[in-house]
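Laboratory data are not the source of any read-out in this text; all were calculated from the coordinates shown. Remember, it's a predicted structure, so these values are computed and weren't measured experimentally. Note that we place each Cβ from the backbone using ideal geometry, even for glycine, and neighbour counts take in every protein chain shown.
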Amino acid sequence: MKLAKDGLPTVSALFVLFALAAVFLPWRWPAALAALCGLAMWFYRDPDRVPPEGENIFVAPADGKVVEIGPAAHPFTGAATKVGIFMNAFSVHVNRAPCQGTVDYLEYVPGRKLAVFAPKASEVNERHCVGLLTKHGPVLLVQIAGLMARRIVCRVRRGDVLATGERYGMIKLGSKVDIYLPEGVKLQVKLGDKVYAGKSPIGAMRE
């Protein structure tokens, strides 16, 4: 099982504790630590994904359930179409680029950790924004911390060029990722749909 690099320290530490417990402690301790190690490996799993073919397609930036669709605006994108994807504790937590683009905007916003279904959570919660310049116009990704999220990880810098489906970060313990798509996009998802990062098409630019 491939693991996200952000989870390697945690998994390694648990494995070392398991090995020590197996030598020095009663069987209950290594059994419990083995279970914790297995849970950590499951949480930090990072399967390879192959994006669909097509230059005009946007893929999901996160695994999870589509919980929000509608018009929106942001200083980076202007008027846009917003799609919100809720990641639960069992989702793959690695986030991916929805299309090819150059990172041109980064902003970390400290804030609260309300449940992401709460009204205004997208506006008041801790979040990290990544803006991409693409051939279709600006695209914005917003990683939003939720009630259980402990850390937002973003590993890109301004000027980085991302390919469709390329990993760029993760949110630990589930939360929400909002994506602001250019106006004129034809959505290929609806509320309640389950999507997979780097694999599920969520929209395409009209020809």
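This table checks each residue for (1) touching a strand residue (DSSP E or B) at 6+ places or on another chain (Cβ under 7 Å); (2) surrounded by 16 or more Cβ atoms within 10 Å (Cβ to Cβ).
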site	(1), (2)
Y168	yes, yes
K172	yes, yes
K176	yes, yes
E183	yes, no
Y196	no, yes
K199	yes, yes
I202	yes, yes
R206	yes, no
Problem - One residue from T10, T81 being among the hydroxyl-bearing types (S, T, Y) and assigned to a strand (DSSP E or B) - result: T81
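Only one of these is crowded, with 22+ Cβ neighbours inside 10 Å, farther than 21 Å from V185 by Cα and not charged (D, E, K, R): V130, V94, V124, V83. Name it.
Values: V130 fails: farther than 21 Å from V185 by Cα; V124 fails: crowded, with 22+ Cβ neighbours inside 10 Å; V83 fails: farther than 21 Å from V185 by Cα.
Answer to the check: V94.
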Exercise for the section: Could you figure out which of (1) more than 16 Å from the chain's Cα centre (by Cα); (2) part of a loop (DSSP other than H, G, I, E, B); (3) over 14 Å from D63 (Cβ atoms) isn't true of L133? Expected result: (2)
Handout entry: Selected residue (only one of K82, K113 is under 17 Å from Y180 (Cβ atoms) and of a type in the set (D, E, K, R))
Key = K82
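Scan D46, D63 and give me the residue that is buried (at least 17 other Cβ atoms within 10 Å of the Cβ) and within 11 Å of the chain's Cα centre (by Cα). Give the derivation first.
On the way: D46 fails: within 11 Å of the chain's Cα centre (by Cα).
After ruling out the rest, the residue left standing is D63.
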